[in-house]
Amino acid sequence: MIKVKDCSTGEILNWTLDEVLYEINRDHNNEWVDYDETDWREGWDDFVEGNGYYSLKIKQFTLSRSYTVTEEIVIESENYADALSLCKGEEVWDNPDIRESEYQHHKIIGVKQ
């Protein structure tokens, strides 16, 4: 089973791979080549995630970093590693005045679930 968040209700659903594939492959033209069990994640990321209806990002992580002040950002993600990579890609955390290469003490200091 694959945990899927219904974005309109916040409910966490348990979907089979067939249900996930149906959501990815529905509503396309006749030239569409269906995604399958080997590449469904790519299809989900390209055609479902971010559409506002369903998401695999069901957990919230609060990541903190410290330099002169402490900042926090809440990232919805599937797991810690994904949250961390999303966090590092956030513009909010990519301030040109505060870059890890310029401040040795700039680092992610904690995560809360």
Spin-label point model (7 Å from Cα, Cβ direction): what's the Asn25 to Thr62 distance in nm?
-> 4.3 nm
Evaluate region 2-55: find the radius of gyration of its Cα atoms, find its Kirkwood radius, and give the ratio Rg to Rh.
-> 0.96
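Laboratory data are not the source of any read-out in this text; all were calculated from the coordinates shown. Keep in mind the model is a prediction, meaning the values are calculated, not measured. Here the Cβ is made from the backbone with ideal geometry for all residues, glycine too, and neighbour counts use every protein chain on show.
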